[in-house]
Each structure stands twice: as structure tokens, then as C-alpha cells.
Amino acid sequence: MQFAHFPNGGLISLVVEMKDGRTVEAGLLGNEGASGMPAVLGLSKSPLREIVQIEGDGFRVRVDTLKELLSSTPALQAILTRFAAGLAMQVAQTAACNRLHKIEERLSRWLLIAQDRLDSGVVLITHDFLATMLGTDRPSVTLTAGILQRKRLIAYTRGSVRILNRKQLERFTCECYALIKQYNN
């Protein structure tokens with residue numbers, strides 16, 4: 001890892017890839033944080049791949065430069081350390097959620113987290129990509145999105161999901177969304 005990225009917009013997925021090529025999302029970050037945290041914390045490798053899901057602007061900083069800067073700016077070091085701890089909690093909570101909760105709850109959680117990081121009611125994402133991120137298949141995402149759409153929580157077209165009723169979607173999701181949100185405050 002040579003760079004840390006501080007997105008102003010867009011989404012970066014933290015993905016675990018198995019030997020057989022299958023992947024699942026373990027975390028999601030956007031304008032609240034930065035990529036490259038393992039390197040900033042002194043690790044030379046990470047088991048997570050960082051994939052830009054939704055393009056956006058931001059800042060790119062060489063990891064060695066950022067490490068030097070952190071030693072002279074304790075406030076920035078504290079902010080990034082707190083973010084890294086929250087991100088670790090998100091990864092753990094996402095693992096539990098992907099194993100224990102229904103696809104309806106997981107999709108709701110993912111859409112709410114994405115909206116939080118994008119500051120937008122529209123998430124430009126395909127069902128195929130959502131399936132990969134949620135560790136399921138595309139038909140399951142399509143059926144689930146249809147359920148959420150019939151409940152008037154979301155509206156979707158090819159490659160785009162709009163959250164129509166955030167409050168109801170928050171009630172529809174599992175407890176993982178509130179816990180992950182708490183870690184990032």
C-alpha cells in the first residue's frame with residue numbers, strides 16, 4: 001500500500017477475496033474516513049482489498065508522508081486512530097450481519113450506510129454488484145429490492161437505487177445499522 005485516500009465523495013468497499021475468487025464486502029467507507037488504514041497503522045499488508053464502487057473526488061497522500069505527518073500532528077493521529085477503530089468495529093459487525101441476518105435487513109443496512117457516506121438519496125449501483133457486496137446472488141437482490149420497492153422504501157431502475165423513505169428503511173433494517181452508525185460518530 002503506497003497511498004491513503006481521503007474521499008470527499010464516492011464509496012470504497014473493503015472486500016475479502018477467497019482463494020477461489022469469491023468475494024464479500026467487509027466494510028464500506030466514504031467521506032467520513034480514509035482508505036489505507038492498515039499501512040497508516042504500520043502494517044505492510046492487508047487482507048482487505050479496497051475497491052472504488054462509486055467514483056468521487058478526494059485527496060491522495062503517500063503513506064510514508066502521512067506517517068511522518070501523523071508524528072507531528074497528534075490531533076490528526078487521534079482522528080485517524082478513532083476512524084480505524086470504528087472501521088474495525090464495522091468489519092466485525094458486517095461479518096455478523098452477513099451471517100446472521102436476512103437479505104432484506106442486509107440490503108437495507110447497506111443502502112443506509114451508502115447514503116450516509118454519499119450524502120445523496122440516490123446510490124448508483126447494480127444488483128449484480130450489490131449481490132457481490134452482500135455475499136448473495138443477483139436474483140436474491142432483485143427479489144429483495146422488489147419487496148423494498150413495493151413497500152415504497154426505495155425506487156430502483158437499472159444501476160440506480162433511490163431511498164424514498166429513510167425512516168421506514170431504518171425500521172426495516174437489523175440492529176447492525178445503528179451499531180455501525182454509532183461507531184462512526
> What nm value, rounded to one decimal, do you get for the distance between Thr23 and Lys167 when each label is placed 7 Å out toward the C-beta?
Replying inline: 3.8 nm
> By how many degrees, 0 to 90 and rounded to 10, does the Cα axis of helix 138-150 deviate from the longest principal axis of the chain?
Replying inline: 70 degrees
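Per the 1.4 Å probe, what fraction of the accessible area of region 72-185, in percent, lies on carbon and sulfur atoms?
55 percent
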> Relative to the Cα centre, what is the charge dipole magnitude of the chain, using +1 at the beta carbon of each Lys and Arg, -1 at the beta carbon of each Asp and Glu, and rounding to the nearest 20 debye?
Replying inline: 520 debye
> Can you give the Kirkwood hydrodynamic radius for region 97-185, in Å, rounded to one decimal and based on Cα pairs?
Replying inline: 12.8 Å
> Tell me, Kirkwood radius of region 1-63 from alpha-carbon pair distances, in Å?
Replying inline: 12.0 Å
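How big is Rg to Rh over region 80-136, alpha-carbon atoms, Rh as the Kirkwood inverse-mean-distance radius? Let's see the in-between values first.
Numbers: Rg = 12.3 Å, Rh = 12.4 Å.
With Rh from the inverse mean 1/r over Cα pairs, Rg/Rh is 0.99.
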> Under unit Cβ charges (Lys, Arg +1; Asp, Glu -1), what dipole magnitude, rounded to 20 debye, does region 88-185 have relative to its Cα centre?
Replying inline: 300 debye
> Based on the Kirkwood radius over alpha-carbon pairs, what is the Stokes-Einstein translational diffusion coefficient of region 32-115 at 10 °C with 1.306 mPa s viscosity, in µm²/s?
Replying inline: 107 µm²/s
> By how many degrees, 0 to 90 and rounded to 10, does the Cα axis of helix 63-72 deviate from the longest principal axis of the chain?
Replying inline: 70 degrees
> How large is the accessible surface per residue of the chain, computed with a 1.4 Å probe and reported in Å² as a whole number?
Replying inline: 54 Å²
> Between Thr81, Gly9, Ser44, whose Cα lies farthest towards the positive end of the dipole of the chain when Lys and Arg beta carbons carry +1 and Asp and Glu beta carbons carry -1, centred on the Cα centre?
Replying inline: Gly9
> Per the Cauchy relation, a quarter of the hull surface: what is the mean projected area of the convex hull of the alpha carbons in the chain, in nm²?
Replying inline: 10.3 nm²
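The values are calculated or read from the model by the stated rules, or taken from the named source; none is laboratory data. On a predicted model such as this, the values are computed, not experimentally measured, just so you know. So basically every Cβ, Gly included, is an ideal-geometry build from the backbone, and we count neighbours across all protein chains shown. Please note that ligands, DNA and RNA were not included when accessible areas were found on the heavy atoms of the full protein model with its side chains. Shrake-Rupley method; radii C 1.70, N 1.55, O 1.52, S 1.80 Å.
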